[in-house]
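Participant: What follows is a structure written as structure tokens; I'll ask about it next.
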Amino acid sequence: DRFRGDSGLITQRLALRYQDRLARLFETHCTVGSPVLIDLGCGTGRLAVGFAERGFDVTGVDLSLEMLHRAAEKAAAANVNLSLVQANLCELDCFIPGTYDTALLMFGTLGMIEGAGHRRRVLQYVAGLLRPGGIAALHVHNVWSHLFFPGNRRWLAADRLKALTGQTSAGDRRSPYRGIPNMYIHYFSQRELRRELAAAGLAIRETIPLSLRQDAPLPPNGFNNNVRAGGWIVFAERRADS
């Protein structure tokens, strides 16, 4: 089963493993003393609180008011300030464009947004919220990971036929995920991800392929990483001309 295992623990490991790497990359690209970060789909503040502890000026955005309350509790316990905003990621006109040095779209959040047009809109917002040269970090799931689970290969074959015939639902799936019985997730191919980021005005600077369990990187330049990765963490820069 593609989705068995302690996914809560996997998520926690992913957050801890990449928080330091994300922070170092962001700090390298930011010349200001307190980089301004927006965490889109911040949930309970898994990453937002840690960045605030590092001195980042953090705004967390989530649709769930319950999640935002929990993030506020975590921030209070850590004695840090977070700006928390309830908003739909497809409707971010309340934010001033070009305000943020860095942006997060982690834990498969982009793939949980249903509809290719809506995902494109979110990426356009991400690019627009960043200053020119600002860095976004996002995590997505790899459609080809289904190849390594016999029960999912038939779905993969049918889905790739959809992609070849230009159907916009290619990559879409509803399956059990983190205890949710019928969760919508869009699975990306590398080609699709590159195309969508470029269309939004975001240039990829680094791609980290993750193991199928999502909590560890694959060896760099490993054989066929684009197929056998469970997903990727991607660092993308807003182009100056976008």
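The values are calculated or read from the model by the stated rules, or taken from the named source; none is laboratory data. Since the structure is predicted, the reported quantities are computational estimates derived from the model, not experimental observations. Backbone-built Cβ (ideal geometry, glycine too); neighbour counts: all protein chains shown. Heavy atoms of the whole protein, side chains included, go into the accessibility calculation; ligands, DNA and RNA do not. Shrake-Rupley method; radii C 1.70, N 1.55, O 1.52, S 1.80 Å.
Participant: Would you mind getting the accessible area per residue of the range 101-242, heavy atoms of the protein chains only, 1.4 Å probe, in Å²? Working shown, then result.
Facilitator: Numbers: 6310 Å² over 142 residues.
With the other protein chains kept in place, the range 101-242 gives 44 Å² per residue.
Participant: Still on this structure, please answer the following. Ordered by packing density, taken as the mean number of other Cβ atoms within 10 Å over each peptide's residues, highest first, how do 124-135, 69-80 rank? List each step's numbers first, then the result.
Facilitator: Values: 124-135: 21.2, 69-80: 15.1.
Those peptides, ordered most packed to least, come out 124-135, 69-80.
Participant: Then there is this: Calculate, for N226 and E91, the FRET efficiency according to 1/(1 + (r/R0)^6) with r their C-beta to C-beta distance and R0 22 Å; round to the nearest 0.05. Write down the numbers at each step before the final one.
Facilitator: Working: r = 33 Å, r/R0 = 1.50.
Working from the Cβ atoms, E equals 0.10.
Participant: Give the value in nm², to one decimal: projected area of the alpha carbon convex hull of the range 38-84, averaged over all directions.
Facilitator: Values: hull surface 9.9 nm².
Averaged projected hull area, Cα only: 2.5 nm².
Participant: On each of the three principal axes of the Cα atoms of the range 18-149, give max minus min coordinate, whole Å, ordered largest first.
Facilitator: 43, 33, 33
Participant: Given a Förster distance of 25 Å, report the FRET efficiency between L65 and R174 from their Cβ-Cβ distance, rounded to the nearest 0.05. Numbers along the way, then the final one.
Facilitator: On the way: r = 25 Å, r/R0 = 0.99.
FRET efficiency, L65 to R174: 0.50.
Participant: In 5 Å bins starting at 0, how do the alpha-carbon pair distances of the range 47-116 split up by percent?
Facilitator: In whole percents, the pair-distance histogram is 3, 15, 24, 26, 21, 9, 2, 1.
Participant: Evaluate E = 1/(1 + (r/R0)^6) for F148 and N79, where r is the Cβ-Cβ distance and R0 equals 35 Å; express this FRET efficiency to the nearest 0.05.
Facilitator: Details: r = 44 Å, r/R0 = 1.26.
FRET efficiency, F148 to N79: 0.20.
Participant: Still on this model: Give me the distance in nm between label points sitting 7 Å out from Cα along the Cα-to-Cβ direction at S34 and E206, one decimal.
Facilitator: Placing both labels 7 Å beyond Cα along the Cβ direction yields 2.6 nm.
Participant: Please compute the length gained on full extension between A72 and K162, using 0.36 nm multiplied by the number of residues separating them and subtracting their Cα-Cα distance. Please list the in-between numbers first.
Facilitator: Working: separation 90, 0.36 × 90 = 32.40 nm, distance 4.26 nm.
28.1 nm is the gain from fully extending A72 to K162.
Participant: By per-residue mean of other Cβ atoms within 10 Å, what is the highest-first order of 94-102, 227-235, 187-195, 137-145? Before the final figure, lay out each step's value.
Facilitator: Working: 94-102: 16.1, 227-235: 20.6, 187-195: 17.7, 137-145: 23.3.
Put in order of decreasing packing, that is 137-145, 227-235, 187-195, 94-102.
Participant: Add +1 for every Lys or Arg and -1 for every Asp or Glu among the other residues with Cβ under 15 Å from the Cβ of H69, and state the total.
Facilitator: On the way: positive: R46, R70, K74; negative: D62, E66, E73.
Here the charged neighbours net out to 0.
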